[in-house]
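A quick write-up on the structure given underneath.
Coordinate-derived values only; no laboratory data. Because the structure is a prediction, the values reported are computed rather than measured. Please note: Cβ atoms are built from the backbone with ideal geometry, for glycine as well, and neighbour counts cover all protein chains shown.
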Amino acid sequence: MDDAEHRADAIKRLKRRRDLMGNIGSYVFVNGLLWLIWGLTGADTSGLPWPAWVSIIWGFIILMHWVRVFVRKPIDEAAIQREMAKRRST
């Protein structure tokens with residue numbers, strides 16, 4: 001990889017991190033607002049509160065985004081060569 005490719009990859013990863021932080025900020029704001037509405041409109045405690053569905057589903061989506069940003073490794077030349085070697089040997 002030359003410097004231009006490294007730079008493009010770094011920019012892409014930084015954009016993903018920025019997007020993740022924006023998603024987390026939206027999650028906190030919107031869910032806070034939903035829980036506030038729930039609390040101010042009676043806070044029915046029988047069963048699962050309705051804002052919990054939004055929090056759980058959206059939280060799972062953010063978790064998957066976090067995994068994509070911080071856990072998954074970018075594809076490098078060594079991984080490509082390993083995959084090609086596997087294909088050749090079969």
For the range 48-65, Karplus-derived ³J(HN,Hα) couplings (6.51, -1.76, 1.60; θ = phi - 60°; whole Hz; x for glycine and proline) come out as 7, x, 4, x, 4, 4, 5, 4, 5, 5, 5, x, 5, 4, 5, 4, 5, 5
Counting Lys and Arg as +1 and Asp and Glu as -1 over every other residue whose Cβ sits under 11 Å from the Cβ of Arg72, the net charge comes to +4
For the range 3-89, the charge dipole (Cβ of Lys, Arg +1; Cβ of Asp, Glu -1; about the Cα centre) points to a positive end, and the Cα of Phe70, Ala4, Trp35 closest to that extreme belongs to Ala4
Asn23 and Leu36 label points (each 7 Å along its Cα→Cβ direction) are spaced in nm at 2.5 nm
Taking the alpha-carbon centre of each part, the distance from the range 57-90 to the range 1-42 in Å is 20 Å
Only helices counted: for the chain, with every DSSP H run of 4 or more residues adding -39500 (n - 2.57) and the sum spread over all residues, [θ] at 222 nm is -28000 deg cm²/dmol
For the chain, whose charge dipole is built from +1 on Lys and Arg Cβ atoms and -1 on Asp and Glu Cβ atoms, the candidate among Val54, Met21, Ile80 with its Cα farthest towards the positive end is Ile80
Computed over the chain, the relative contact order (Cα-Cα under 8 Å, seq sep at least six) in percent reads 33 percent
HN-Hα couplings for the range 33-43 via Karplus (6.51, -1.76, 1.60; θ = phi - 60°), in whole Hz with x for Gly/Pro, come out as 5, 5, 5, 5, 4, 4, x, 7, 9, x, 6
About its Cα centre, the chain carries a charge dipole, from +1 on Lys and Arg Cβ atoms and -1 on Asp and Glu Cβ atoms, whose size in debye to the nearest 20 is 340 debye
Shape call for the range 38-90, from the Cα gyration tensor axes a ≥ b ≥ c (a/c under 1.5 means rounded, otherwise prolate when a/b beats b/c, else oblate), comes out prolate
With a ≥ b ≥ c from the Cα gyration tensor eigenvalues, square-rooted, and the rule rounded for a/c under 1.5, otherwise prolate when a/b > b/c and oblate otherwise, the chain is oblate
